[in-house]
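Notes follow once the structure below has been shown.
The values are calculated or read from the model by the stated rules, or taken from the named source; none is laboratory data. The structure displayed is predicted, hence computed values, not measured ones. Here the Cβ positions follow ideal geometry from the backbone for every residue, glycine too, while neighbour counts run over all protein chains shown. Each accessible area value is taken on the protein alone, full model and side chains, heavy atoms only, with ligands, DNA and RNA left out. Shrake-Rupley method; radii C 1.70, N 1.55, O 1.52, S 1.80 Å.
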Amino acid sequence: MEVTSIHGNCILTPLRSSSHRPLSVLSRVSFSARRNPSLASNYHSIRRRNLCSASSSDTLVAGKDGKPKNREVVSKKGEEEGEELKSWMHKNGLPPCKVLLKERPSHDEKHSPIHYVAASEDLQVGDVAFSVPNSLVVTLERVLGNETIAELLTTNKLSELACLALYLMYEKKQGKKSFWYPYIRELDRQRGRGQLAVESPLLWSEAELAYLTGSPMKAEVIGRAEGIKREYNELDTVWFMAGSLFQQYPYDIPTEAFSFEIFKQAFVAVQSCVVHLQKVSLARRFALVPLGPPLLAYRSNCRAMLTAVDGAVQLVVDRPYKAGESIVVWCGPQPNSKLLLNYGFVDEDNSYDRLIVEAALNTEDPQYQDKRMVAQRNGKLSVQVFHVYVGKEKEAVADVLPYLRLGYVSDPSEMQSVISSQGPICAVSPCMERAVLDQLADYFKKRLAAYPTTLGEDESLLADSTLNPKKRVATQLVKLEKKMLHACLQATVDLINQLPDDTVSPCPAPHAPLLK
């Protein structure tokens, strides 16, 4: 539910012609395909042709022999492409603006340099950097031409990102005939990379994912990839429901025209550049904005946002800029795990960074139902997620403890006392408190032990200027996670040291709560 280019064989291809008319929906023709066996009989005959056409997109940086082009040639071409994008936008309604496109080299010489939006003149707080008219913004409302259908699709099995990715994949098949060709070419150039030139871990190899060993991020990447696969399997639903798409490509069934790998690249590319607009209809909530991300750099301590105004999407800067400086926008209150997954970077100054601690009452506990009732009365669930925010680890530990204490109550009379009380506090004995704190400390130790490197080793790796960029961002992420876990462990140990008698042995707990 949160297109760029997508590596060499990328994605973008149109649902619309060069006149970029919105798609009509529920066309009679779209249903006739399911009724007309003669159409179905032709599907497989054109499958090979579709797959070839879908994966034959030009590589923007490699020469005909597959070898990297001369840096100067690539750079000159990149500057021209940046100028062409802005020229296309001005030609189609972009009013005069205060930005230009510059470039920085990619860490991989096989890939084009990264373009970014910079100030074309000195800017002051409150200046409008640019205002992109809605005619140059891609949304579901624009793609599907009917807001009701757009809402129907996004509340079913397909996310907005999948719909936008499918649209751009078809648009790319139009080539230069597509109205969106200059924008698609720029997305292809970016290849789903953020401003650090790193792709989302969704596109990393298995060996590269090993950089995330010990981090919950690794499982999150795998889970997101599985979700994208499920969305891919639902693509034909969109194809059947969008009538004009069917008329324009009567045989181009999405799952036959585009392989899963192509779709995943497209999905990740859309994910890296989609803008979440506020105070707009559901069909306009997710938008692709030329001059927006990934050309704009994200920063957690920024407050500038792309905003929907009358007939346009504009950016008002929140800080002064000198001409030539890169312009940044706020990425929302996202932890670093989301920033890496969605945009390919980690922000070490991210005040929204957090970890998750999942606690659960033991279902084998004879008093499970009573404890569940008490937990719900205090705003907690039988399986409760606690957020550990950076810099607030002590508060997080204090938030978890009452829940764990509840799980340790074993005497029925004590449970009745808890039920009759009005607060979340359980009276606990010194040995029970020691057991609770020991369990929590052991939990943090086990999480830290799951990482193959120490904090000191992470620091040494990051000091190496030649470190692979993917390994660098992965190391930044796990380092910050470890710092939070160490802070949680220290807060727990401090509480153990504050016990009146630290020689008390922990009480046995046959039905202790579970920590994950």
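Which net charge results for the neighbourhood of GLY407, defined as the other residues with beta-carbon distances under 10 angstrom from its beta-carbon, given Lys and Arg at +1 and Asp and Glu at -1?
On the way: positive: LYS371, ARG405; negative: ASP365.
With Lys, Arg at +1 and Asp, Glu at -1, the neighbours total +1.
At a probe radius of 1.4 angstrom, the accessible area of the range 395-516 per residue rounds to 49 square angstrom. Within the shell of other residues whose beta carbon sits under 11 angstrom from the beta carbon of LEU461, the net charge comes to -1, with Lys and Arg scored +1 and Asp and Glu -1. Within the accessible area of the range 433-486, the carbon and sulfur atoms contribute 53%, probe 1.4 Å, all protein chains present. As I understand it, the dipole of the range 323-470 uses +1 on the Cβ of Lys and Arg and -1 on the Cβ of Asp and Glu, about the Cα centre. Which of LEU467, VAL418, VAL428 lies farthest toward its positive end? Highest projection toward the positive end goes to VAL418.
Remark on ALA312: its backbone amide H falls under 5 Å from those of ASN134, a criterion applied only to residues 5 or more positions apart or on other chains, H modelled at 1.01 Å from N.
For the range 309-318, putting each phi into the Karplus relation 6.51 cos²θ - 1.76 cosθ + 1.60 with θ = phi - 60° gives couplings of 10, 4, x, 7, 10, 10, 10, 9, 6, 9 Hz, in residue order, rounded to whole numbers and with x for Gly and Pro. Only the Cβ atoms of Lys and Arg (+1) and of Asp and Glu (-1) were treated as charged; on that basis the dipole of the range 292-419 about its Cα centre amounts to roughly 300 debye.
Ranked highest first by the average count of other Cβ atoms within 10 Å around their residues, in what order do 291-297, 161-167 fall? Don't skip to the answer; put the middle values down first.
Numbers: 291-297: 23.9, 161-167: 27.3.
Order by mean packing, descending: 161-167, 291-297.
By accessible area, using a 1.4 Å probe on protein heavy atoms only, the range 218-334 has 53% of its surface on carbon and sulfur.
Distances longer than 18 Å among the Cα atoms of the range 266-406: what percent of all pairs is that?
67 percent
3J(HN,Hα) along the range 323-340, derived from phi through the Karplus expression 6.51 cos²θ - 1.76 cosθ + 1.60 where θ = phi - 60°, amounts to 3, x, 6, 5, 9, 10, 9, 7, 9, x, x, 10, x, 5, 4, 6, 4, 5 Hz, with x in place of Gly and Pro. Computed from phi, the 3J(HN,Hα) profile of the range 380-389 under the Karplus parametrisation 6.51, -1.76, 1.60 (θ = phi - 60°) reads 10, 10, 5, 10, 10, 9, 10, 9, 9, 8 Hz, with x in place of Gly and Pro.
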